Amino acid sequence: MQEDFHYYATYCAALLAGYEHSDCLEICYAAQLVDHCSVTWLKKSGGPSSAATTQLQAELLQARTDPIGICDITRIWAAFHFLPRDLYAAVDKGWKSYRDKYRLICGPNGELLVDTVKLAKGQGTEAAGIAMHVLADTWAHTYFAGTPSLVINNTNWYFYELFPVDGAEPERKQIVFSHNPSASEDVDKPVYVGSVYQSNEHSIMNLGHGRAGHLPDYSYIRYVYLPAWGGYKEIIKDNPHDYEHAFAQMVYALSYLKG
């Protein structure tokens, strides 16, 4: 999700939940700040580096991918942007390392999300905003994981945008990702920029939905693809449907936080 949801939709959800205008602004500012609070930003603002909730591209390129480095990357991305749906999911195949990564796959309505919202209770508007960012991203980032993993996060040529057709199967248009880091995304052409393929399971290029660029964050998009972890069966993602549910859930959660 992007500013349209983390800031503006979060403000609207807080207003519907009964918060005053000034509190709504603090909640949506905190929700949006999660996407900007990098180590670089914290150094400029005098904050502690340990409070980082995101990493800039330049920071990621310098990140270590040894066990300690991956733990730090996962601490940030899995906690704030790709909250796992079920850390105890039953996985009947693969090595332990694969099963552990499988359990990090993001999704809505998990126990960790319930705990996240409950922990924000009575902690002020900033905590409420951070919790709403996490909640919203469980819908937008479903099927991806906040840790570097080729088998979980890879995409291939089988990636299509879906266009609804009345009374018929959706029309499909193949999406071809640009891998030019200097290219700009253009949703009208469309041009989507994804990370370069790296066969190394732990490559930083295989973090989250990086292989699909910003596409999973667009509120209008409907798409289908074949993830390796799903046995190469079609996964359909309908963002308009999911984002509507995310908004309703934010209103519900904020109503709980307000009491």
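The values are calculated or read from the model by the stated rules, or taken from the named source; none is laboratory data. Model, not experiment: these values are computed from the prediction. Cβ placement follows ideal geometry from the backbone for every residue including glycine, while neighbour counts extend to all protein chains displayed.
Among the candidates ILE130, ILE152, ILE221, the residue that is hydrophobic (A, V, I, L, M, F, W, C) and touching a Lys or Arg at 6+ places or on another chain (Cβ under 6 Å) is uniquely ILE152.
Scanning the range 4-25 for residues that are surrounded by fewer than 17 Cβ atoms within 10 Å (Cβ to Cβ) and charged (D, E, K, R), which turns out farthest from the chain's Cα centre (by Cα)? Checked the range 4-25; the qualifying residue farthest from the chain's Cα centre (by Cα) is GLU20. Summed over the range 186-215, residues that are surrounded by 15 or more Cβ atoms within 10 Å (Cβ to Cβ) and either modelled with pLDDT under 85 or touching a Gly at 6+ places or on another chain (Cβ under 6 Å) (or both) total 9. Within the range 12-33, residues that are more than 16 Å from PHE80 (Cβ to Cβ) reach partners that are of a type in the set (D, E, K, R) and buried (at least 17 other Cβ atoms within 10 Å of the Cβ) with beta carbons closer than 8 Å, at six or more positions or on different chains, in the pairs ALA14/ASP23. With the requirement that a residue be surrounded by 11 or more Cβ atoms within 10 Å (Cβ to Cβ), among the hydroxyl-bearing types (Ser, Thr, Tyr) and without any contact (Cβ under 8 Å) to a residue 60 or more places away in the chain, what does the range 47-88 give you? The one that is surrounded by 11 or more Cβ atoms within 10 Å (Cβ to Cβ), among the hydroxyl-bearing types (Ser, Thr, Tyr) and without any contact (Cβ under 8 Å) to a residue 60 or more places away in the chain: THR54.
Checking each residue of the range 229-249 against the condition of being free of Cβ contacts under 8 Å to residues at least 12 places away in the same chain, of a type in the set (D, E, K, R) and part of a helix (DSSP H, G or I) gives at least one match.
A quick yes/no check of all residues on (1) of a type in the set (Phe, Trp, Tyr); (2) out of contact with any His (no Cβ under 9 Å at 6 or more places or on another chain):
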residue	(1), (2)
PRO84	no, yes
TYR88	yes, yes
ASP92	no, yes
ARG99	no, yes
ARG103	no, yes
PRO108	no, no
LEU112	no, yes
LYS118	no, yes
GLY122	no, yes
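Tallying residues that are in contact with a Phe, Trp or Tyr (Cβ under 6 Å, 6 or more places away or on another chain) and either over 19 Å from TYR160 (Cβ atoms) or free of Cβ contacts under 8 Å to residues at least 24 places away in the same chain (or both) within the range 174-204 yields 2. Exactly one residue out of SER219, SER199, SER255 is over 28 Å from VAL91 (Cα atoms) and assigned to a loop (DSSP other than H, G, I, E, B): that is SER219. Starting from residues that are assigned to a strand (DSSP E or B) and small (Gly, Ala, Ser), keep the ones in the range 142-175 and report whichever is modelled with the lowest pLDDT. Across the range 142-175, the extreme among qualifying residues is ALA168.
Would you confirm, using the coordinates I've provided, whether PHE177 is touching a Ser or Thr at 6+ places or on another chain (Cβ under 9 Å), of a type in the set (Phe, Trp, Tyr) and at negative phi? When the stated conditions are applied, PHE177 passes them.
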